[in-house]
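The values are calculated or read from the model by the stated rules, or taken from the named source; none is laboratory data. A quick note: this is a predicted structure, and the numbers were derived from the prediction, not measured. Here Cβ is always computed from backbone atoms with ideal geometry, including for glycine, and neighbour counts include all displayed protein chains. Surface areas here come from the heavy atoms of the whole protein model, side chains and all, with no ligands, DNA or RNA. Shrake-Rupley method; radii C 1.70, N 1.55, O 1.52, S 1.80 Å.
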Amino acid sequence: MASPVSEIQSVGVVGAGQMGNGIAHVFALNGYSVVMSDLEQSALDAAMETIRGNLGRQVRKDVISDAESEAALARIHCSTDLSAFGDCDLVVEAASEREDVKKKIFATLLPIVPERAILTSNTSSISITRLASSTDRPEKFMGLHFMNPVPVMRLVELIRGIATDEPTYDTMKKVVASLGKEAASAEDFPAFIVNRVLVPMINEAVYTLYEGVGTVESIDKAMTLGANHPMGPLALADFIGLDTCLAIMNVLHDGLADTKYRPCPLLTKYVEAGWLGRKTGRGFYDYRGDEPVPTR
Ligand code: NAD
């Protein structure tokens, strides 16, 4: 494993959902001391369970040793209270994709974190410049956009807000390399690069389902075998979370004011039903049995 960037020793991760636990995992595995926070202790317990399971899988695959796994676990501390972030050099905000939630988190953090701390958000789509301007340090604020699943995916998008300074960008570029990942720079426009291309494709797949052009199975089969995608777009939507997909489409629709980004009403309906994909056990597939079963 690589060693941490010298100016960043301690990392605070806000939100212990599917992204937050993956982010805590990769930082801890690469030598950073991590404090992870969520609203409820139960979310933190579940996140630690997931991290333990994912590290265990890496040990079984000989990617890391038992000792590295144990050391990584020992470097992660959990707290439901953001006052535990008092010594953080870097904050990675990975809470739910809602601007009000994220702004409130940063407002709570500002009196707690040291002046030197760099603030980042893992947002999939919300304006970095806008989030940064709600803090006292827009020059030390950036988008740090990991891909799901974090321990596996190699890319991290680095997004500069309008005020982000070069030392902050350079430090974060080094941090990404220290995690064994590759950085791609994106300008601060709605949904950046990966989601600007990927999520409208998923939305189009939901329209294809909505209009009866294909079933869940035929759409996913068509795109897996016909376009050589490793996973069908509807299975991928379930993996990302349908609430996150809908939120990204809304940001594109509002931010670019173009009807081509209109979220499919069927996507909205699934979210309203609470069928958010794998994380709730049901989305375009039902995951509650041994095998995923299409829900349409
Ligand atoms: P998630 O729903 O799995 O997790 C979000 C977590 O944030 C939940 O555990 C929730 O309890 C917690 N949370 C909410 N408000 C909080 C607060 N005030 N303080 C602390 N914790 C709080 O969502 P996720 O998929 O992990 O997404 C998190 C972020 O990462 C979002 O901004 C999303 O856009 C982004 N992202 C998601 C993906 C993906 O594929 N799911 C990929 C890249 C980036």
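Looking across the range 106-121, not a single residue is surrounded by fewer than 16 Cβ atoms within 10 Å (Cβ to Cβ), within 14 Å of the ligand (Cβ to nearest atom) and closer than 9 Å to L90 by Cα.
Any chance the range 176-183 includes a residue that's open to solvent by less than 70 Å² (accessible area, probe 1.4 Å), of a type in the set (D, E) and more than 14 Å from the ligand (Cβ to nearest atom)?
No: zero hits.
Of the residues making up the range 28-55, those that are in a helix (DSSP H, G or I), open to solvent by less than 10 Å² (accessible area, probe 1.4 Å) and within 15 Å of the ligand (Cβ to nearest atom) number 3.
Looking only at the range 101-152, which residues are in contact with a strand residue (DSSP E or B) (Cβ under 7 Å, 6 or more places away or on another chain) and either of a type in the set (D, E, K, R) or free of Cβ contacts under 8 Å to residues at least 12 places away in the same chain (or both)? The answer is K102, R137, K140.
Among residues belonging to the range 91-105 that are hydrophobic (A, V, I, L, M, F, W, C) and within 10 Å of the ligand (Cβ to nearest atom), point out the one that is most open to solvent (accessible area, probe 1.4 Å).
Selected residue: V101.
You will find that of E40, E7, the residue that is modelled with pLDDT of 95 or more and at negative phi is E40 and no other.
Looking at the range 56-84, which of its residues are open to solvent by less than 60 Å² (accessible area, probe 1.4 Å), within 16 Å of the ligand (Cβ to nearest atom) and over 20 Å from the mean Cα position of the chain (by Cα)? Within the range 56-84, just A84 meets the criteria.
Scan the range 123-138 for residues that are in contact with a helix residue (DSSP H, G or I) (Cβ under 8 Å, 6 or more places away or on another chain) and open to solvent by less than 10 Å² (accessible area, probe 1.4 Å) and jot them down.
As a first pass, look at the range 123-138 and keep what is in contact with a helix residue (DSSP H, G or I) (Cβ under 8 Å, 6 or more places away or on another chain): 123-127, 129-132, 134-135, 138.
Within the range 123-138, T123, S125, I126, L131, A132 qualify.
Scanning the range 270-281 finds one or more residues that are in a helix (DSSP H, G or I) and of a type in the set (A, V, I, L, M, F, W, C).
Of the set (1) loosely packed, with under 15 Cβ neighbours inside 10 Å; (2) assigned to a loop (DSSP other than H, G, I, E, B), all apply to P151 but (1). Checking each residue in the range 214-269 for being of a type in the set (D, E), crowded, with 17+ Cβ neighbours inside 10 Å and farther than 22 Å from S125 by Cα picks out only D220.
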